[in-house]
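A short write-up of the structure that comes next.
Just so you know, all these numbers are worked out from the coordinates, no wet-lab data involved. Every value quoted in this text rests on a predicted model; they were computed, and no experiment measured them. Note that each Cβ is placed from the backbone with ideal geometry, even for glycine, and that neighbours are counted across all protein chains shown.
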Amino acid sequence: MIIFKKAKPLTDRLTAWKGAGKRTGFVPTMGALHDGHLSLIRESMAENDLTVCSIFINPTQFNNADDFARYPVTLEQDIEQLTNAGCSVLLLPPETEVYPAGYVKPHYDLGPIETVLEGYYRPGHFQGVCQVVDRLLQMVAPDRLYLGQKDYQQCMVVRKLLQLTGRTHLQLRIVSTKREAAGLAMSSRNLRLDSRQREKAAVIYSALNYIKTHQKELTVAQLKEKAAALLKASGFTIDYVEIADAGDLTPCSALNGQPAIALVAATIGSIRLIDNLLLN
Ligand code: AMP
């Protein structure tokens, strides 16, 4: 695996490879890699000649300074895991490469998707996501981009970004969520859970499954109420339990077989976790 810290040598090398007909898959991450990230790497490797992974903890997408300061960093293990997985290139840029002096970060007109759910609870978050993804795509210019369904709203926001920036040729691949045996969605932030919290956190998946299993018998309000009660009983404070249209994330008042998704954001201790489950 070749590690690049600077954009220019990376772009030059990728341009040469592309000239030789090689197809590139890109997996942007913030590091503290786990098997969820590696499933994206594997999917990219299966579909492309080259896989580029980036590790960059993007300050502009954190609306909470403490969350940014405490974001886990496990760089040595990350490099080892990527090497073992057979990843071709790691982009490890300093902040000055992503946002060079004088670079004016654009504002992206994302529409309503920006301010619902995660956008409501994390103001500015999706502008930050778009800023970093836009810059990284300028550097890597891949054929395919791999994102995890775990961050479902992020996938939709990035899809919008690709439209807004005219990257219609770029294929977006959404990879299903990798979970621990008990159902907890793998997440870098899980590293900050103690063993008791980690055990309790499996309730998020149980609550989502409750919604999925009982969607034909109960009203949407009842489904959300029951899921929230399960989370509260395990010590979570809840930002949202929502059942929404899977296309645009507008809340569903009833389920009539339309593509829908259940989404949860909840905090245990000081750790905020998100997860979702498609309902049909
Ligand atoms: P992050 O490092 O948290 O920014 O995540 C980098 C990418 O990995 C994003 O596209 C995430 O959606 C994806 N990802 C994170 N956790 C998982 C998971 N448990 N399963 C699949 N993809 C994931």
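Points worth noting:
- Linear extension gain, Ile2 paired with Tyr103, 0.36 nm per residue minus alpha-carbon span: 33.7 nm
- With a cut-off of 15 Å between beta carbons, the residues surrounding Ala65 carry a summed charge of +1, where Lys and Arg count +1 and Asp and Glu -1.
- Couplings 3J(HN,Hα) for region 259-265, derived from phi with the Karplus relation 6.51 cos²θ - 1.76 cosθ + 1.60 (θ = phi - 60°), are x, 9, 9, 9, 10, 10, 10 Hz, where x marks Gly and Pro.
- Per-residue ³J(HN,Hα) for region 155-167, Karplus 6.51 cos²θ - 1.76 cosθ + 1.60, θ = phi - 60°, Hz, x for Gly and Pro: 4, 5, 5, 5, 4, 5, 4, 4, 5, 4, 9, x, 8
- Cα-based shape type of region 34-182, given that a ≥ b ≥ c are square roots of the gyration tensor eigenvalues and the cut on a/c is 1.5: rounded
- Rg and Dmax [Cα atoms of the chain; Å; Rg one decimal, Dmax integer]: 19.1, 58
- Burial ordering of Glu217, Glu47, Glu97, Glu80, fewest other beta-carbon atoms within 10 Å first: Glu217, Glu80, Glu47, Glu97
- Ascending count of other beta-carbon atoms within 10 Å, so fewest first, for Thr213, Thr74: Thr213, Thr74
- Scaled against the 2.2 N^0.38 Å expected of a compact globular protein of N residues, the Cα radius of gyration of region 9-58 reads 1.22.
- Compared with the dominant principal axis of the Cα atoms in the chain, helix 75-85 is inclined by about 80°.
- Per-residue 3J(HN,Hα) values for region 6-12, derived from phi via the Karplus relation 6.51 cos²θ - 1.76 cosθ + 1.60 with θ = phi - 60°, read 10, 5, 4, x, 5, 4, 4 Hz in sequence order (x marks Gly and Pro).
- From the Kirkwood radius over Cα pairs of region 1-116, Stokes-Einstein at 4 °C and 1.567 mPa s returns a whole-number translational diffusion coefficient of 82 µm²/s.
- Cβ crowding within 10 Å averaged over residues, with 205-212, 84-91, 254-261 ranked highest first: 205-212, 84-91, 254-261
- Sorting Glu43, Glu118, Glu95 from the fewest to the most surrounding beta carbons within 10 angstrom yields Glu95, Glu43, Glu118.
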